[in-house]
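Report on the following structure.
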Amino acid sequence: MEESNFTRIYDKFKLQFYRKVFELVRERDGSLSAMEAFSLEVIHMLDHPTISQFADFLNISQSNATYKVNSLIRKGYIERENSTTDRREYHLNPTEKFYNYIGLYSDYQKVVLERVSKRFTAEDTAKFEEMLGIIVDELMPECEK
């Protein structure tokens, strides 16, 4: 299978994402750094992780992860919530500000998916969705939470 079209799609999504990140990253009080924007993405994709899970996934120290998380909390993008099973542990939960940020780039995904459904038949779109499910669920084990 030729990887050039897959790479081109992936690169276009990344370019659109980076464009949105740099629109958000401004030199003003409370703005996100590029590293903080990427940290938010990871926290979002890990779905309410603990700081330990966040640090382990990125292979960074607990203190480095705590520093990044505290900065995002101060800026209002995430908040801590005590675990229901272990009160010493807490999970990182998104705030409304976080969802406003996330929405800026997920809008492009929606646009592309709408274009796919208009351009291709329902049968082709269903097959495409099935293939994407297999890729995510079976062929990318390194990215499991």
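Read-outs throughout are calculated quantities, based only on the coordinates presented, and are distinct from any laboratory measurement. Source: prediction; values computed, not measured. Here Cβ is always computed from backbone atoms with ideal geometry, including for glycine, and neighbour counts include all displayed protein chains.
Given only helices, namely DSSP H runs of n ≥ 4 each adding -39500 (n - 2.57), what is the per-residue ellipticity at 222 nm of the chain, to the nearest 500 deg cm²/dmol?
On the way: 6 runs with 96 residues, N = 145.
About -22000 deg cm²/dmol.
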*How far, in degrees from 0 to 90, does helix 96-119 lean away from the longest principal axis of the Cα atoms of the chain, to the nearest 10?*
10 degrees
*Looking at [x] 2.35; [y] 1.36; [z] 1.22, which value of Cα Rg over 2.2 N^0.38 Å comes from a calculation on the structure shown?*
[z]
*Fully extended, how many nm does the chain gain between Ser52 and Gln109 (0.36 nm per residue separation, minus their Cα-Cα distance)?*
17.5 nm
*Please tell me the relative contact order of the chain in percent, rounded to the nearest whole number, where contacts are Cα pairs under 8 Å and at least six residues apart.*
18 percent
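Could you state the orientation-averaged shadow area of the convex hull built on the Cα atoms of the range 64-127, in nm² to one decimal?
Details: hull surface 28.9 nm².
Its Cα hull, projected and averaged over all orientations, spans 7.2 nm².
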*Treating only the Cβ atoms of Lys and Arg (+1) and Asp and Glu (-1) as charged, compute the dipole magnitude of the chain about its Cα centre; round to the nearest 20 debye.*
720 debye
*Count the lysine pairs in the chain whose Cα atoms lie under 17 Å apart, taking only pairs 8 or more positions apart in sequence or on different chains.*
9
